[in-house]
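As structure tokens, the structure follows; a few thoughts come after it.
The values are calculated or read from the model by the stated rules, or taken from the named source; none is laboratory data. Computed from a prediction, not measured in an experiment: that's the story for all the values here. When we count neighbours, we look across all protein chains shown, and the Cβ atoms used for this are built from the backbone with ideal geometry, even at glycine.
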Amino acid sequence: MAARLTAFLVAVIVATSVIAGLIVGAQRDDRTGPVDLIVYNGTVFPADGSGEFHEAIAVRGSEILRVGSNREIKRLGGKATRVIDAHGGAVLPGFNDAHLHFVSGGLALDRANLLDAATLDAIRETITRFAADHPDRPWVLGRGWYYQPFPGGLPTRALLDELVPDRPAQMVAYDGHTSWVNSKALQLAGITRRTPDPENGVIVRDPKTGEPTGVLKEAAMSLVSTHVPPPTEADRLAALRAAIGEAHRVGVTSIQNAHGDPAEFALYDQLRNAGELKVRVYSALSADGDLTSEQLDGFDGEWKRRPDGPLFKTGAVKLMLDGVIEAHTAAMLAPYTNRADTAGAPMIPRESLERTVTMLDARGWQVMIHAIGDGGIRMALDAFERAATVNPAPARGRRHRIEHIETTDPADIPRFGRLGVIASMQPFHANPSPQQIGVWEANIGPERASRGWVYGSISRQGGRLAFGSDWPVVSLDPRLGLNMAVNRRTPEGTPADGWHPEERLPLAAAIEAYTSGAAWAAFDEHRKGRLAPGQLADIVILSTDVFEAPSSKLMEAQVMTTIFDGKVVYERGAVTSSR
């Protein structure tokens with residue numbers, strides 16, 4: 001009898017413990033249990049298309065638990081909860097840069113930066129100072145120069161010889177499609193007046209003597225760059241870490257790498273395995289128009305090794321269809337205004353492009369096509385349309401993309417929405433400062449320039465937008481792109497009425513293109529891009545409520561706090577946190 005009673009009591013105790021555990025677990029799992037992080041007193045923009053705003057967010061672990069009023073969210077806090085006062089500033093999903101070159105951006109942080117050198121004197125000073133500050137480097141490397149400051153739109157080796165007389169030097173233009181080298185670099189590469197232009201490249205020559213001027217366009221850039229000592233693995237890892245730090249500083253928590261290969265993927269794997277990859281990465285693999293089935297088998301293997309996941313994945317292939325308008329290498333439907341002899345040739349013939357796109361589409365890959373000129377954009381849309389008529393839809397659906405889209409024929413604008421092609425655009429490329437837009441506009445004339453960066457028209461006609469920077473072509477800072485998308489003005493506010501203001505976007509739509517729209521473009525809308533329960537807790541807090549302030553004040557908003565995976569990874573001094 002005693003034994004049965006003892007057994008009964010033990011069973012009651014166990015059952016009671018189980019029930020208590022379930023109750024505690026239920027409390028922990030519902031919307032009212034203690035949380036790890038609270039952001040309150042903000043203008044919380046969920047980026048979900050609703051147009052609604054909230055005041056506060058509760059985070060448990062790596063996910064958003066609840067979004068609501070200050071009162072209902074603050075009461076979820078416990079002794080261990082970190083509480084951040086947003087001081088009335090905008091609280092947004094972490095920015096997702098839909099097009100950049102992340103390792104290159106990190107490497108550029110340690111090279112001569114010419115992005116802010118708007119005049120010839122500033123270019124001289126920047127290069128001279130950098131060379132003097134780094135006397136032990138065998139090459140002087142830099143990037144970011146604009147065409148406008150140079151007579152005729154192009155620099156010369158004579159000028160770079162003057163600035164760097166003692167060793168080879170290479171400066172890449174801001175658009176990444178033209179390089180400027182000195183005589184020592186040309187000599188080292190063996191480039192003379194007799195050197196033929198490579199396929200898809202141009203060695204710019206003096207019209208009188210035929211001698212190379214020191215400017216190399218497109219594929220000709222590699223004639224010199226192959227002689228530049230490549231960064232070591234340690235250099236590239238350091239660059240990747242530096243790039244992550246820069247991303248946090250400007251509120252970027254996710255990136256979409258527009259160029260990748262297995263060696264670069266291995267860098268991300270190293271940081272991921274070490275717990276240091278504190279930015280979410282969707283990286284494309286790069287291919288040319290002659291992609292074979294065997295090469296695609298190798299790509300499939302990379303995809304299987306890095307399938308869909310919250311931290312690092314692939315699933316896209318990037319194709320380079322044309323060049324850039326500044327160098328007369330973008331593929332246009334009609335000749336350039338100031339170069340009647342060329343309309344720019346596509347880098348991939350139409351037949352090869354359609355074959356490659358159809359082959360990739362059949363295997364379920366997302367295709368990203370670099371197309372800047374109206375001719376290249378039409379070719380890309382045609383290739384996507386053909387693939388959709390030949391192949392059944394992939395299991396995850398089609399979300400093919402065109403990257404850049406700088407000038408578009410009106411007939412092609414509605415095709416983005418009709419075909420479901422994502423417009424992956426970098427609005428700050430349209431910065432109407434003379435050094436950035438001057439040569440671009442002169443090369444194609446006012447009529448085609450009026451159709452520059454038509455994200456407003458694409459959106460109004462049903463197309464999806466995804467915004468990015470193209471870093472290191474321009475700064476990684478999303479505010480620059482948002483300001484251009486909303487105001488169509490330089491950061492300094494010119495022109496006052498905006499550059500082709502009919503293409504302006506509402507601020508909410510521009511932010512969504514940099515958050516939820518970018519997440520859609522990477523097949524990630526189920527986990528990020530919005531401030532909603534169940535989404536990953538990637539959050540940025542700005543210093544001001546950008547929705548209430550005049551749009552002209554957008555650039556004054558500072559990133560105060562960046563939260564990644566539910567943890568604070570960047571704080572600016574003015575942010576206070578307590579409890």
_Condition first: of a type in the set (Val, Ile, Thr) and out of contact with any Leu (no Cβ under 7 Å at 6 or more places or on another chain). Now tell me which residues in region 338-367 satisfy that._
342, 357, 358
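A quick yes/no check of all residues on (1) surrounded by fewer than 24 Cβ atoms within 10 Å (Cβ to Cβ); (2) over 30 Å from residue 244 (Cβ atoms); (3) in the same structural domain as residue 386 (by TED's automatic domain parsing):
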residue	(1), (2), (3)
418	yes, yes, yes
453	no, no, yes
460	yes, yes, yes
468	no, no, yes
475	yes, no, yes
478	no, no, yes
481	no, no, yes
484	no, no, yes
*Residue among 520, 499 that is assigned to a loop (DSSP other than H, G, I, E, B) and either assigned by TED's automatic domain parsing to the domain that holds residue 147 or over 16 Å from residue 404 (Cα atoms) (or both)*: 499
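Results for (1) touching a strand residue (DSSP E or B) at 6+ places or on another chain (Cβ under 7 Å); (2) assigned by TED's automatic domain parsing to the domain that holds residue 429; (3) surrounded by fewer than 22 Cβ atoms within 10 Å (Cβ to Cβ); (4) over 26 Å from residue 434 (Cβ atoms), shown as yes or no for each residue.
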residue: 162; (1), (2), (3), (4): no, no, yes, no
residue: 169; (1), (2), (3), (4): yes, no, no, no
residue: 180; (1), (2), (3), (4): yes, no, no, no
residue: 183; (1), (2), (3), (4): no, no, yes, yes
residue: 186; (1), (2), (3), (4): yes, no, no, yes
residue: 198; (1), (2), (3), (4): no, no, yes, yes
residue: 204; (1), (2), (3), (4): yes, no, yes, no
residue: 216; (1), (2), (3), (4): yes, no, no, no
_Residues of region 136-188 that turn out to be under 30 Å from the mean Cα position of the chain (by Cα) and not in a loop (DSSP other than H, G, I, E, B), as a count_ = 16
*If we scan region 362-373, do we find a residue that is at pLDDT below 95, touching a Gly at 6+ places or on another chain (Cβ under 8 Å) and in a loop (DSSP other than H, G, I, E, B)?*
no
*So is residue 394 surrounded by fewer than 24 Cβ atoms within 10 Å (Cβ to Cβ) and assigned to a loop (DSSP other than H, G, I, E, B) or not?*
yes
*Which ones in region 538-553 are under 16 Å from residue 54 (Cα atoms) and assigned to a loop (DSSP other than H, G, I, E, B)?*
544, 545, 546, 547, 548
*Is it fair to say residue 432 is within 30 Å of residue 151 (Cα to Cα) and in contact (Cβ under 8 Å) with a residue 12 or more places away in the chain?*
yes
_In region 335-361, residue surrounded by the most Cβ atoms within 10 Å (Cβ to Cβ) [restricted to those that are of a type in the set (Gly, Ala, Ser) and part of a loop (DSSP other than H, G, I, E, B)]_ = 344
*Which condition does residue 364 not pass, out of (1) buried (at least 16 other Cβ atoms within 10 Å of the Cβ); (2) among the small types (Gly, Ala, Ser); (3) closer than 17 Å to residue 263 by Cα, if it passes all the others?*
(3)
*Can you tell me which residues in region 43-78 are touching a residue at least 12 places away in the same chain (Cβ under 8 Å), in a loop (DSSP other than H, G, I, E, B) and either farther than 26 Å from residue 513 by Cα or in contact with a helix residue (DSSP H, G or I) (Cβ under 9 Å, 6 or more places away or on another chain) (or both)?*
45, 46, 47, 48, 49, 51, 55, 61, 76, 77, 78
*Considering every residue within region 126-135, establish whether at least one is touching a Pro at 6+ places or on another chain (Cβ under 6 Å) and not aliphatic (A, V, I, L, M).*
no
*Hey, which of the helices (runs of 4 or more DSSP H) in region 209-273, taking only ones fully inside, have at least 2 residues that are of a type in the set (Lys, Arg)?*
233-249
